[in-house]
1. What base-10 log of the normalised intensity I(q)/I(0) is obtained for segment A:59-130 from the Debye formula, alpha carbons as equal point scatterers, at q = 0.23 Å⁻¹?
2. How large is the dipole of segment A:91-216 about the Cα centre if only Lys and Arg carry +1 and Asp and Glu carry -1, each at its Cβ, rounded to the nearest 20 debye?
3. Could you tell me which GluC sites (Glu not before Pro) in segment A:73-178 are loop residues by DSSP with no more than 13 other beta carbons within 10 angstrom of their beta carbon?
4. Over chain A, calculate the relative contact order: mean separation of alpha carbon pairs under 8 Å at least 6 apart, over the residue count, as a percent.
5. From largest to smallest, what semi-axes in whole angstrom does segment A:123-216 give when each is the square root of 5 times an eigenvalue of its alpha carbon gyration tensor?
6. Where Lys and Arg each count +1 and Asp and Glu each count -1, what net charge lies around residue A:8 among other residues with Cβ under 11 Å from its Cβ?
7. For chain A, state the semi-axes of the equivalent ellipsoid (square roots of 5 times the eigenvalues of the alpha-carbon gyration tensor), sorted largest first and rounded to whole angstrom.
8. Putting +1 on Lys and Arg Cβ atoms and -1 on Asp and Glu Cβ atoms, find which of A:20, A:8, A:178 reaches farthest to the positive end of the dipole of chain A.
Amino acid sequence: MNIFRFLGDMSHILSFVILLLKITQGKSAAGISLRTQELYMIVFCSRYLDLFWNFSSLYNSFLKVVFIACSSAIVYIIRFKSPQKDTWNPELDNFPIQYLIGPCAVAGLLINQDWTPFEMIWAFSIYLEAVAILPQLFLLQKQGEVENLTSHYVAALGAYRGLYLMNWVYRYFTEDDYLQRIVWFAGTVQTGLYIDFFYHYYQSKRGGLSRPVKLP
Amino acid sequence: RHHDVNHDEL
């Protein structure tokens with residue numbers, strides 16, 4: 001464990017806290033992509049299958065349960081719970097996620113760390129996580145303006161994988177024979193997708209004024 | 001070749 005990875009996990013937890021607060025207290029899922037939340041639920045449920053046999057640390061096992069529980073709760077609330085379910089707009093949030101899941105599944109089959117079923121599923125989850133934010137970014141693009149809490153949610157989510165990139169650099173230089181090309185590649189793509197958002201987020205938050213984040 | 005892939009990250 002190193003500070004970058006710890007801060008990355010804290011940023012990830014923060015993103016869950018912000019989103020859960022927004023949809024439970026704000027009673028609205030407006031501006032939140034259910035598609036992205038469904039993809040995250042698939043990512044965590046598939047990647048953390050090793051919950052039952054890979055106890056690398058209590059910290060990991062605990063957070064795996066937390067991430068599966070939170071992502072499932074978010075999907076449940078937006079899909080089934082009133083009044084949130086009425087604030088979800090299927091016409092706006094209509095990114096064809098099958099075009100993300102399909103290629104990631106093929107990639108997981110072909111490029112993984114070991115030819116076992118779990119490793120193929122694990123690689124699939126890594127690739128899927130890299131592109132899972134796309135429906136959310138498309139939704140924000142359509143709306144043009146980003147609600148304040150939503151902007152903090154996306155920023156925390158982007159920061160989490162960005163901090164993981166620093167964690168991988170740190171591990172590469174401090175551990176011998178540390179090689180994780182799959183997560184390095186996917187994590188770079190994932191963080192890259194946020195660059196444009198981060199630019200507009202920074203512009204809107206600069207100078208302390210909380211002007212709304214505007215995406216062109 | 002079953003090298004034990006041990007994922008120690010989330």
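1. -1.04
2. 560 debye
3. On the way: sites: A:91, A:119, A:129, A:145, A:147, A:175; in loops: A:91, A:147, A:175.
Answer by residue number: A:91, A:175.
4. Details: 258 pairs, mean separation 62.9, N = 216.
Contact order relative to length: 29 percent.
5. Working: eigenvalues 167, 50, 13 Å².
Semi-axes, largest first: 29, 16, 8 Å.
6. Working: positive: A:5, A:161; negative: A:9, B:9.
Result for the local shell: 0.
7. Numbers: eigenvalues 157, 84, 57 Å².
So the equivalent ellipsoid measures 28, 21, 17 Å along its semi-axes.
8. A:20
Readers should treat all values here as calculations from the given coordinates under stated rules, not as data from a laboratory. Values in this document were obtained by computation on a predicted structure and should not be read as measured data. Backbone-built Cβ (ideal geometry, glycine too); neighbour counts: all protein chains shown.
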